[in-house]
Structures are given as structure tokens and as C-alpha cells.
Amino acid sequence: MAFQVTDVVDRKSDLWRTLHALPKIELHRHLEGSIRLETLVEVAQEHEISLPSYDPEGLRPYVQMTAQDSPDVITFLSKFDVLRRFFCSPQVIKRVVRECVEDAAADQIRYMELRFTPNALAKAKGYDLMEVVGWVCDTVREAEKANSIRVNLIVSMNRHESLEIGEKTLEVALAHREHGVVALDLAGKEPGFPARPFGHLFREAKRAGMGITIHASEWEGPENVRDAIENLRTDRIGHGVRSVEHSEIIKLVREKQVAFEVCPTSNIQTGVVGYLGHHPVLDLHYLDVPITINTDDPAIHGISLTDEYALAVQGLGMSMHDIHRIIIRAAEVSFLPDDERGQLINGLKRELGTSQYRGIWH
Ligand SMILES: [Zn+2]
């Protein structure tokens, strides 16, 4: 039985409404895992994509982790096999980007670093990676203007794919630095696919001034965090939750002030953490590891960022004060230029400081 956030979180509660109203920062959200169910149905009909169902509820189990699913990585990754077929025209890709930005703005996210894997968007129709990245960048800029949100982009490559794809991905990321691409990410299957062969690509990106974030210590042990810090010179870690098993690595993370992008529901649904009460986010927080809370793949996990904050409070024992700190921390470790980052932090401090709710859950 896969965990559902609504098992713990009541979306009609005062707490949920309070958290929804807070200004938020999202640092770890994959575009490919952020497609609305209704959009999938419409795109499938329009482009005659053959599916087991054309009804949103009938399609849901194929693209979302439901209560009937087994909580493991194979089941989770199987959802992407279906989703990947939908990137069948530039219009669809642009629509998915636009709606993803709209959904984030509606959740009161003020600043988002949205990541996407150019090769995943290009593969279905053999599009040129450079063109695909251009479509995403242009659409993000348009969607920002239409919604109250600032968005930058992180380009991802997969560790289980070839170095050649990685090299091409770095090239297109560097070419779009003036168009909103601020960082490079290493994602994909962790077991059996070490990060090290990609090290020179990440060091090159770092030399060019890009931010670095590496998925590590999610499906494998804490040593991958050390590898990401020492060999890939990462600024942030995607997940990192298994670091709690290794005190030397916790020490290293604290010394280097490497922030973790923690995604609680994702970790439980993919079997990284056995059950909610075992999630180490609170331990990491009180060990002074700089953590942030994020969604990962909101459409697949059936969540919003508000849900994840509510889960942190109701299910994982965080206080409202902790949530405020985490929001400010997310702004502090964002890949914004210094002046913009400073403005964002000051704006958040002003808003959170005057929040009428501050103090209730202290
Ligand atoms: Zn991720």
C-alpha cells in the first residue's frame, strides 16, 4: 500500500489553509512529474495516444502513485514510462510548462527552481535538445509574467544514461544561461550508476558559474553524498535522507553547508523510507543540516507544496517556526544572483514576521 498524503493531511483544516497562505519556495520539482491529469486526457485524445483509459479516474493509476501501488522505485518509475509518451509536440511541452508554473503560483510559491531533463522531453519525437530547452525557457518567461511567481530552471541529466547525452545536456544548459538556466542536476537510477563518470561535466558547469545539485543518498547509502560533495563539488543535494545513517557525513555536510532538498512524500512512496514515522527530516533539521522541503513530482505523488508543509507539521513533528525557518533557508540556498536572493529573503522575512499565524504552533 503506497502512502497517500491525505492519510495524514486534512486539506480542509485551518492548519492547511494557514500553510497554503504562506509564501513558499520550491527548489526540487521535476517538470516531467508535474502534468495535470486532465491535460493528459486531453493530449491523449488530441494526439491519439493509445491509453488504457481516457477518463481521468481510469488513467490515474497509470500516472500517479495510488493507495493500491506497492511503495517501491520500480512502481514509481513505471509512471514515467506512460508520461514520457505525452511529449509529442512543441505545443504540448509548452502547455505542460505553462500549467506547471500556474499550479506553483496558485500554491503561493513565490520562487521556484523547476528542473527538467531535456532528453526526456526530446526523446519521443527526436527533437533537437537545443530547441527543446529554448521552448521551456521561453514558456517559463511568458508564464512568469502571467502569474505572480519567479521561476528559474535547472537542467537535469540521468546517471543511467550515456556520457554523450550528458555532454550534450551540459552544452545546451550552458547555452541557455542567459535565458533562465541557473544550475545542473544529476538524476536517475542511483544503484549501479555512480556519479563519478559525470564529474568533469559538473566541474565544468561550476567553473562556468552554474549552481550544482546532485540526487544522492536516496536509493543508495550516505557515501554518495560524500562523493557528490568531494568529487562533483555540489552546492545542494537532492534528497540526501540516508545521510542520517553516517555521522561523519553529517559532519561534512554541516562543515560545507550543503543544503538538502528533502521531499518527504516522494521518499515514502518510493520506499526510500519505510513509513512516515521513520522519515529523518526532523532529525536532519535538528542536527543542523540545512534542509528545505519540496515536492519532487507533485502530479505523480498527488501532492502540492502546501501538502508537504502540512505533512511536516502534522506527520513529522515540525513546528510552524521550523516551517518559517525552512522557507527562509530555501531562499538562502537558492541559485538566484546575490541581489535578487537578498531581496527575496528580506521580502519573506517581512511577510513571515508579520504573519498573524506566527506563534500559534510555536
Ligand atoms: Zn528528484
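Every read-out reported here was derived from the displayed coordinates using simple, explicitly stated rules and does not represent laboratory data. Note that the structure is predicted; figures quoted are calculated from it, not measured. We place every Cβ from the backbone using ideal geometry, glycine too, and count neighbours over all the protein chains shown.
Looking at the stretch 1-108, which trypsin sites (Lys or Arg not before Pro) are in a loop (DSSP not H, G, I, E or B) and have at most 11 other Cβ atoms within 10 Å? Listed in order of number, the matching sites are K12. Cβ-to-Cβ counts within 10 Å put T139, T295 in ascending order as T139, T295, the fewest first. Taking all Cα pairs closer than 8 Å and separated by 6 or more residues, the relative contact order of the stretch 1-155 comes to 30 percent.
Shown for F86, F335: other C-beta atoms within 10 Å of each C-beta, ranked fewest to most, produce the order F335, F86. Loop-located GluC sites (Glu not before Pro) in the stretch 32-74 (DSSP state not H, G, I, E or B) with no more than 10 neighbouring Cβ atoms inside 10 Å: E48. Under 14 Å of direct C-alpha separation, and excluding same-chain neighbours fewer than eight residues apart, K256 reaches these aspartates and glutamates: D227, E230, D235, E248, D288.
By the count of other C-beta atoms within 10 Å, a proxy for reagent exposure, M157, M130, M112, M318 are ordered fewest to most as M130, M318, M157, M112. What the phi angles of the stretch 18-23 give under the Karplus curve with 6.51, -1.76 and 1.60, with θ = phi - 60°, is a coupling list of 4, 5, 4, 6, 5, x Hz, glycine and proline written as x. Using a Gaussian network model of the chain with C-alpha springs under 10 Å, which one of H28, H278, H20 is most mobile by mean-square fluctuation? Judging by the Gaussian network model, the answer is H278. Label-to-label distance for D138 and L174 is 2.4 nm, based on points extended 7 Å past Cα in the beta-carbon direction.
Remark: the stretch 172-180, residue by residue, has Karplus-estimated 3J(HN,Hα) of 6, 5, 4, 5, 10, 5, 7, 10, x Hz, where x stands for each Gly or Pro and the curve is 6.51 cos²θ - 1.76 cosθ + 1.60 at θ = phi - 60°. Would the stretch 5-353 count as rounded, prolate or oblate if I go by the C-alpha gyration tensor, calling it rounded below 1.5 in a/c and otherwise prolate when a/b exceeds b/c, oblate otherwise? Here the stretch 5-353 falls in the rounded category. Derived scalar couplings between HN and Hα for the stretch 330-343 equal 4, 5, 5, 9, 5, 8, 6, x, 3, 5, 5, 5, x, 5 Hz in order, rounded to whole Hz, by the Karplus curve 6.51 cos²θ - 1.76 cosθ + 1.60 (θ = phi - 60°), x for Gly and Pro. For K79, the lysines whose Cα falls under 25 Å of its own Cα, not counting residues fewer than eight places away in the same chain, are K94, K123, K125, K189. For the stretch 268-297, backbone nitrogen atoms closer than 18 Å to the point 7 Å from R254 Cα along Cα-to-C-beta are found at 280-292. Measuring nothing but how far apart in sequence close Cα pairs (under 8 Å, 6+ apart) lie, relative to its length, the chain scores a relative contact order of 20 percent.
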